[in-house]
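Enquirer: Right, I'll just put the structure down here and ask away after.
The values are calculated or read from the model by the stated rules, or taken from the named source; none is laboratory data. Note that the structure is predicted; figures quoted are calculated from it, not measured. With ideal geometry, Cβ positions are generated from the backbone for all residues, glycine too; neighbour counts draw on all protein chains shown.
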Amino acid sequence: MDPRPLRALSRELVRELGMLSQQCGSLALSPLEAHLLIELESGPATNQQLADRLRIDKSNASRPLARLAERDLIAWQPHPSDGRSKEAQLTAFGQDQLKELHRQMDETMAEALAQLSPAESEQIWEGMRRYRSALSRARRQQGYVIRPITPSDNARIAAVIRAVSAEYGLTADKGYGVADPNLDFLHETYRGERSRYWVIEGPDGTLLGGGGIAPLAGATDVCELQKMYFLPALRGLGLGRRLVLLALAEARALGYQRCYLETTEVLREATTLYESLGFEHLPGPLGCTGHDACEICMVLEL
């Protein structure tokens, strides 16, 4: 998808929601001040904590917090466990103003939802939830690089695969991928016209994982998702999903009709990821991959 139309739509949403205005509804609150009050609804917080929650610099939170204190919407109190810090908390007046803010904003949102059917409202909710999640993942992935494998990566990615295999007990004698005789030469292994392999580097250049696709033996229209291994430092950032989506897009471009994979129950997180992307379970394996110990077989129509 071209990002430009989505950026334009995001700007329009910001405008329609009044986020560029100097006040929210009829209240003398800027959008940032309103966000700060809403965050304090759950309890006292320091300047730094509020800045972290709103993903802004601490200095950008200080000035609006000072304005809120001047108007008696918040008050500062000593931090219960850190004598060097103070916490902001809502005053009684601030609670009343926040209650009115919620009333006005809920009314505005209800008027917008009244333009939609229940099904359309659910679509909006699901789409916005997914969009927010994607933005969050992209923010957490800053500094990480996904790129095609090079000859100099061979030893590093082999070490990653061996380390992750050992972590989960996926030993060579059981027929797992670590037994592959080509494990130390993945760049050369994936040099075929319809094969691809990518590695992921951390912000400091450390190679932390990888994954790829190759033709499934005996099936010209089916590729196999292969050697997806991530070190612990890479997990939980959404990079596994991103790498699989990249592999699937490349598979379509290469003319594959289906993508097949084999995994094991030990790698439950991976199975959950594949299921979320639409992979369906098969009663048995396709072709002959040699991974006899992988009891979970899945396929996705491309």
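Enquirer: Which is out of contact with any Pro (no Cβ under 6 Å at 6 or more places or on another chain) and under 26 Å from Ser133 (Cβ atoms), of Gly240, Gly218?
Expert: Going through Gly240, Gly218 in turn, the sole match is Gly240.
Enquirer: Filter region 109-144 for residues that are surrounded by 10 or more Cβ atoms within 10 Å (Cβ to Cβ) and outside any helix (DSSP H, G or I) and give the result.
Expert: Once the filter is applied, which keeps residues that are surrounded by 10 or more Cβ atoms within 10 Å (Cβ to Cβ) and outside any helix (DSSP H, G or I), region 109-144 yields Leu116, Gln141, Tyr144.
Enquirer: Another one. Take the residues of region 102-154 that are of a type in the set (Lys, Arg) and more than 30 Å from Arg191 (Cβ to Cβ): which is farthest from the chain's Cα centre (by Cα)?
Expert: Residues of region 102-154 that are of a type in the set (Lys, Arg), as a first pass: 103, 129-130, 132, 137, 139-140, 147.
Imposing the further condition that a residue be more than 30 Å from Arg191 (Cβ to Cβ) reduces the set to 103, 129-130, 132, 137, 139-140.
Working: Arg103: 32, Arg129: 12, Arg130: 10, Arg132: 9, Arg137: 3, Arg139: 8, Arg140: 7 Å.
Top of the filtered list is Arg103.
Enquirer: Now, a different point. For region 198-240, give me the residue count where each residue is under 23 Å from Arg258 (Cβ atoms) and either of a type in the set (A, V, I, L, M, F, W, C) or touching a helix residue (DSSP H, G or I) at 6+ places or on another chain (Cβ under 6 Å) (or both). Steps first, answer last, please.
Expert: Here is the first cut: in region 198-240, the ones under 23 Å from Arg258 (Cβ atoms) are 198, 210-229, 240.
Cutting the leftovers down to either of a type in the set (A, V, I, L, M, F, W, C) or touching a helix residue (DSSP H, G or I) at 6+ places or on another chain (Cβ under 6 Å) (or both) gives us 198, 210-211, 213-214, 216-217, 219, 222-223, 225, 227-229, 240.
Adding up the residues that qualify gives 15.
Enquirer: Inspect all residues belonging to region 146-168 and state whether any of them is aliphatic (A, V, I, L, M), in the same structural domain as Arg241 (by TED's automatic domain parsing), farther than 30 Å from Asp204 by Cα and part of a helix (DSSP H, G or I).
Expert: Looking for residues that are aliphatic (A, V, I, L, M), in the same structural domain as Arg241 (by TED's automatic domain parsing), farther than 30 Å from Asp204 by Cα and part of a helix (DSSP H, G or I), one finds none in region 146-168, hence no.
Enquirer: Let me ask something additional. Out of Glu224, Glu262, Glu201, which single residue is touching a Pro at 6+ places or on another chain (Cβ under 7 Å), within 24 Å of Ile146 (Cα to Cα) and crowded, with 18+ Cβ neighbours inside 10 Å?
Expert: Glu262
Enquirer: Show the residue pairs meeting these rules: Cβ distance below 8 Å; 6+ apart or different chains; first residue within region 82-109 and assigned by TED's automatic domain parsing to the domain that holds Gly25; second residue loosely packed, with under 15 Cβ neighbours inside 10 Å and of a type in the set (Gly, Ala, Ser).
Expert: Gln89/Gly43; Gln104/Ser26
Enquirer: Moving on. Could you count how many residues in region 100-119 are farther than 23 Å from Ala28 by Cβ and of a type in the set (Val, Ile, Thr)?
Expert: Number satisfying all stated conditions: 0.
Enquirer: Among the residues of region 56-75, which ones are more than 30 Å from the chain's Cα centre (by Cα), surrounded by 15 or more Cβ atoms within 10 Å (Cβ to Cβ) and among the hydrophobic types (A, V, I, L, M, F, W, C)?
Expert: Leu65, Leu68, Ala69, Leu73, Ile74, Ala75
Enquirer: Quick check on this structure: which one of Gly212, Gly192, Gly202 is under 20 Å from Leu246 (Cα atoms), free of Cβ contacts under 8 Å to residues at least 24 places away in the same chain and in contact with a strand residue (DSSP E or B) (Cβ under 9 Å, 6 or more places away or on another chain)?
Expert: Gly192
Enquirer: Of all residues being at pLDDT below 95 and in contact with an Asp or Glu (Cβ under 8 Å, 6 or more places away or on another chain) in region 175-213, which is farthest from Arg268 (Cα to Cα)? Just the residue, please.
Expert: Asn182
Enquirer: Anything in region 5-47 that is under 27 Å from the mean Cα position of the chain (by Cα), part of a loop (DSSP other than H, G, I, E, B) and surrounded by fewer than 11 Cβ atoms within 10 Å (Cβ to Cβ)? List them, or say none.
Expert: Across region 5-47, the qualifying residue is only Ser42.
Enquirer: Considering region 235-259 alone, what residues qualify as being among the basic types (Lys, Arg) and surrounded by 15 or more Cβ atoms within 10 Å (Cβ to Cβ)?
Expert: Arg241, Arg242, Arg258
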